Amino acid sequence: MDSKGRFGVHGGQYIPETLMNAIHELERAYEHYKNDPEFQKELSTLFNEYANRPSLLYYAKKMTEDLGGAKIYLKREDLNHTGAHKVNNVLGQALLAKKMGKTRLIAETGAGQHGVATATAAALMGMECVVFMGEEDTKRQALNVYRMKLLGASVVPVKTGTRTLKDAVSEAMREWTTRVEDTHYCLGSVMGPHPFPTIVRDFQAVISKEIKEQMLEKEGRLPDVVMACVGGGSNAIGSFYHFIEDKDVQLIGCEAAGRGIDTFETAATVNTGRLGIFHGMKSYFCQDEFGQIAPVYSISAGLDYPGVGPEHAHLHDIGRASYVPVTDDEAVEAFEYLSRTEGIIPAIESSHAIAYAMKLAPTMDKDKIIVVTVSGRGDKDCAAIARYRGENIYE
Amino acid sequence: MSNIASAFSKGKAFIPFITCGDPDTETTYRAVLEAVKNGADLIELGIPFSDPTAEGPVIQGANIRALAGGITTDKVFELVRKIIKAYDEYAEKNNKE
């Protein structure tokens, strides 16, 4: 990373002046605590004693034999407390906020996973919590709204714009401008203005740190491919980070293509977007010819975002990682396949990565190794997938 | 002295903000000229954006209405050229009087 939070041309701090003080305060605090052994010790205790880390690196034997190619390992972030990788970032940021003397956490959420994780951390640390969620999403994910309330958070339905994730981010940023003194904005992905993409990446990097150790222990060598799904890209950057310097390890991000990258109903930002500035960062965004942010679509609410984290945009530019589109249909098939084959129900987000592994593995030799990160568990998606398949189930 | 510097010649300036194309460019055009006639020193024109992160609910609403009315960056600059022309004519007429 260059100075001022740049990843190549991407990243930066494109924010209203009203947020500048808060961002600078966060930058200074993080610079201090990231090198503080006491902070790191407290964080790893939370990871190991509360969040169930390290997560398993599981050899998917049946899947490997069925596909008949490369050996497939699954990094089981779905086994974390709260059921997804989101908890890694949230525990880190909540601890940081606490050290900064903040008493209140605010967050945006799409499907509700990051909101639930933030509400969980707030409950654990005795902090107030307010979650902003698009009104559309509060209806689609009513159960997660209840979960957040159960954990003591209040949920604010956002009624602006398309009433989905991007509007929830905008609203949380607005709220932060008006109440900076006691409030930390716990951003959920590797996006937004610097230092968020770096902070979130550092807390998620535990995923690749563990994969590397576990892989060396099990196979005595590094994997040939590491892949993960990409919305904003936090589980993917977490899975890639400690392999970026290992040039022989191929890194693949799987984007949500929705109904296909040749349609308007897609959220595949790297494949269909252009360079732009939004939500405090320069990166690739789905937009029209005049730079208006385009409405995006994916079956997965967690990947339904018109941008991508700036470090991913940079890894794409320099060719270090590749980003492939995966459609709704392919993801749903993968969701069902992994459930049936390994007895693991993956989140519909993670199913995008599983789907690409199902295409790639048969084309590789049997002595090659693929690691796929299962970013979350799929219980939350069962009703929606049943409806996708024409079964009339409601939560 | 530039127009902007002269606008502050009294120390303070009256600066209305108008979102372009809310709900159409004709309304914006008329609103700007009325503001000039009623003593505006400077006028700030907003280019509508789909996701105005730093704006409150009133201007957010104006942005959404303007985009729904079909405003684009090209149309905003077309409108500005038309406003400058009308303003120059207005200023010339006033100077003569």
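The values are calculated or read from the model by the stated rules, or taken from the named source; none is laboratory data. Predicted model only: the values in this text are computed from it and were never measured. Neighbour counts are summed over all protein chains in view; Cβ atoms, including those assigned to glycine, are modelled from backbone coordinates with ideal geometry. These area figures cover heavy atoms from the full protein model, side chains too; ligands, DNA and RNA do not enter into them. Shrake-Rupley method; radii C 1.70, N 1.55, O 1.52, S 1.80 Å.
Is it fair to say A:Val270 is assigned to a helix (DSSP H, G or I) and either crowded, with 24+ Cβ neighbours inside 10 Å or away from chain B (no Cβ under 14 Å) (or both)? Yes: the conditions hold for A:Val270. Being out of contact with any strand residue (DSSP E or B) (no Cβ under 9 Å at 6 or more places or on another chain) and within 14 Å of chain B (Cβ to nearest Cβ) holds for only one residue in A:Thr178, A:Thr162, and it is A:Thr178. Within region A:252-267, the set of residues being of a type outside the set (A, V, I, L, M, F, W, C) and crowded, with 24+ Cβ neighbours inside 10 Å comprises A:Gly253, A:Glu255, A:Gly258, A:Thr266.
Taking residues in region A:131-149 that are over 18 Å from A:Gly378 (Cβ atoms), and partners anywhere that are of a type in the set (S, T, N, Q) and surrounded by fewer than 24 Cβ atoms within 10 Å (Cβ to Cβ), the pairs with Cβ atoms closer than 6 Å and at least 6 places apart or on different chains are A:Gly134/A:Thr164; A:Glu136/A:Thr164; A:Val145/A:Thr138. Which of the following residues is within 21 Å of A:Ala267 (Cβ to Cβ) and either modelled with pLDDT of 95 or more or not aromatic (Phe, Trp, Tyr) (or both): A:Arg221, A:Arg140, A:Arg147? The unique qualifying residue is A:Arg140.
Considering A:Ala122, A:Ala107, the condition of being away from chain B (no Cβ under 14 Å), under 17 Å from the mean Cα position of the chain (by Cα), aliphatic (A, V, I, L, M) and open to solvent by less than 50 Å² (accessible area, probe 1.4 Å) is satisfied by A:Ala107 alone.
For region B:25-40, does any single residue satisfy the condition of being touching a strand residue (DSSP E or B) at 6+ places or on another chain (Cβ under 9 Å) and outside any helix (DSSP H, G or I)? Checking region B:25-40: not a single residue is touching a strand residue (DSSP E or B) at 6+ places or on another chain (Cβ under 9 Å) and outside any helix (DSSP H, G or I). Evaluated against (1) touching a Leu at 6+ places or on another chain (Cβ under 6 Å); (2) closer than 20 Å to A:Ala70 by Cα; (3) of a type outside the set (Phe, Trp, Tyr); (4) open to solvent by less than 10 Å² (accessible area, probe 1.4 Å), A:Pro362 falls short on exactly one condition, (4). Listed here are the helices (runs of 4 or more DSSP H) enclosed by region A:1-87 that have at least 1 residues being open to solvent by 10 Å² or more (accessible area, probe 1.4 Å), within 14 Å of chain B (Cβ to nearest Cβ) and not charged (D, E, K, R): A:17-33. In this structure, B:Ile47 does not qualify as touching a residue at least 40 places away in the same chain (Cβ under 8 Å), within 24 Å of A:Thr164 (Cα to Cα) and in contact with a Cys (Cβ under 9 Å, 6 or more places away or on another chain). Filter region A:338-357 down to the residues that are crowded, with 22+ Cβ neighbours inside 10 Å and assigned to a helix (DSSP H, G or I) and list them by number. Passing the criteria: A:Leu338, A:Ile348, A:Glu349, A:Ser350, A:Ser351, A:His352, A:Ala353, A:Ile354, A:Ala355, A:Tyr356, A:Ala357. The condition of being assigned to a loop (DSSP other than H, G, I, E, B), of a type outside the set (D, E, K, R) and at pLDDT below 95 does not hold for B:Pro48. Name every residue in region B:33-46 that is open to solvent by less than 50 Å² (accessible area, probe 1.4 Å) and closer than 18 Å to B:Asp74 by Cβ, in order of residue number. Hit for region B:33-46 is B:Gly46, nothing else. Hey, could you check region A:156-172 for residues that are of a type in the set (A, V, I, L, M, F, W, C) and open to solvent by 10 Å² or more (accessible area, probe 1.4 Å) and say which is modelled with the highest pLDDT? Only one residue fits best here, namely A:Val156.
Listed by first and then second residue, the pairs linking a residue in region A:41-66 that is within 11 Å of A:Asn88 (Cα to Cα) to a residue that is small (Gly, Ala, Ser) and in a helix (DSSP H, G or I), with Cβ atoms under 6 Å apart and 6 or more places separating them unless they lie on different chains, are A:Leu43/A:Gly92.
Within the set B:Ala31, B:Ala86, the sole residue that is of a type outside the set (S, T, N, Q), touching a helix residue (DSSP H, G or I) at 6+ places or on another chain (Cβ under 9 Å) and either touching a residue at least 40 places away in the same chain (Cβ under 8 Å) or more than 14 Å from every other protein chain (Cβ to nearest Cβ) (or both) turns out to be B:Ala86. Would you mind stating whether B:Ala66 is modelled with pLDDT of 95 or more, in contact with an Asp or Glu (Cβ under 7 Å, 6 or more places away or on another chain), open to solvent by less than 70 Å² (accessible area, probe 1.4 Å) and among the aliphatic types (A, V, I, L, M)? For B:Ala66, the condition - modelled with pLDDT of 95 or more, in contact with an Asp or Glu (Cβ under 7 Å, 6 or more places away or on another chain), open to solvent by less than 70 Å² (accessible area, probe 1.4 Å) and among the aliphatic types (A, V, I, L, M) - is met. Set side by side, the residues B:Asp74, B:Asp41 differ, and just one is among the acidic types (Asp, Glu) and within 12 Å of chain A (Cβ to nearest Cβ), which is B:Asp74.
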